[in-house]
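Below is one structure; the comments refer to it alone.
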Amino acid sequence: MKLKACIFDLDGVIVDTAKYHYLAWKRLADQLGIFFNEDINERLKGVSRTESLKIILELSDIVYTRDEEAALAARKNQWYVDYISRMTPAEILPGSFEFISEIKNAGIKVAIGSASKNTPLILERLGLKELFDAVADGNIVKKAKPDPEVFLKAAEMLKVRSKECVVFEDAAAGIKAALNAGMKCVGIGSQKILSQADLVVSGLDKMNLEKLNSL
Ligand code: G6P
Ligand code: MG
């Protein structure tokens, strides 16, 4: 089957927003008197905002109502939006723009498949709004990765079949989502965490058309 499209997760693949998520969650956890560190932050990668809050509240003695939880998630998001509003194109991860441009020139369609509701703001801050043929994000999907919904939606928007797509992901939940969608998958990061992927590289600067075609 000919490769027709590539779907990119955003956070951790094209930009490192994990550090801003960390700062905002840490601020909330400190306010609530809950322990939070980088290891717990790792568990939040690829996970939706609501699910992330649940993970943080696992260490809380207080049980919050649904409304209270929604207010806490909103408070965190306000801080997070403050941080990402100051991002510039200099924060695009090395090789991302070059690789995506290379495959686009070869006639391959490109989309974003991200859990983040802040995807439009991030793409705007990075100056990448025009680069993608489609954007499937947390604003249009209901089910979080490892559910394949976000990638299936991206394929539908691009009018391609699952088996014609390759997904790029930095989170284990995202790799599972790609496999559940019946798509090939490239892991961005450590082989240990992403062993289910068809190929693992340290970043998009290590990708090229030839490697993509050999999948
Ligand atoms: C991405 C990140 C997660 C984040 C999620 C929701 O998947 O990897 O860490 O929780 O998006 O982001 P949002 O911007 O909607 O809070
Ligand atoms: Mg990610």
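List of remarks:
- Accessible area per residue for the range 52-172 is 51 Å², calculated with a 1.4 Å probe on protein heavy atoms, without ligands, DNA or RNA.
- Close amide H pairs (under 5 Å, H built 1.01 Å from N) link residue 135 with 112, residues at least 5 positions away or on another chain.
- Calculated from backbone phi, Karplus (6.51, -1.76, 1.60) coupling profile of the range 120-130 in Hz, x at Gly/Pro: x, 5, 5, 4, 5, 4, 8, x, 10, 4, 7
- For the range 90-200, the relative contact order works out to 18 percent when only alpha carbon pairs closer than 8 Å and six or more residues apart are counted.
- Mean projected area of the convex hull spanned by the Cα atoms of the chain, taken over all viewing directions: 11.2 nm².
- Under Stokes-Einstein, with the Kirkwood radius over Cα pairs as Rh, the value for the range 1-95 at 37 °C and 0.692 mPa s is 223 µm²/s.
- Restricting the chymotrypsin sites (Phe, Trp or Tyr not before Pro) of the range 1-77 to loop positions (DSSP other than H, G, I, E, B) with no more than 16 neighbouring Cβ atoms within 10 Å leaves 35, 64.
- Carbon-plus-sulfur accessible fraction, the range 141-197 (probe radius 1.4 Å, protein heavy atoms only): 53%.
- Sorted largest first, the principal axis extents computed over the alpha-carbon atoms of the range 123-197 equal 34, 27, 23 Å.
- Dimensions (Å) - the range 167-215, Cα atoms, principal axes, largest first: 25, 21, 12
- For peptides 113-122, 139-148, 169-178, sequence by mean Cβ density within 10 Å, most packed first: 169-178, 113-122, 139-148
- Base-10 log of normalised Debye intensity for the range 1-45 (one unit scatterer per alpha-carbon) at q = 0.29, 0.31 Å⁻¹: -1.03, -1.10
- Using θ = phi - 60° and Karplus 6.51 cos²θ - 1.76 cosθ + 1.60, couplings along the range 54-67 (whole Hz; Gly, Pro as x): 4, 5, 5, 6, 4, 9, 8, 7, 8, 9, 9, 6, 4, 5
The values are calculated or read from the model by the stated rules, or taken from the named source; none is laboratory data. All of these numbers come straight from a predicted model, not from anything done at the bench. As a convention, Cβ positions derive from the backbone with ideal geometry for all residues, glycine included, and neighbour counts pool all protein chains shown. Accessible surface is based on the protein model in full, side chains and every heavy atom, while ligands, DNA and RNA are left aside. Shrake-Rupley method; radii C 1.70, N 1.55, O 1.52, S 1.80 Å.
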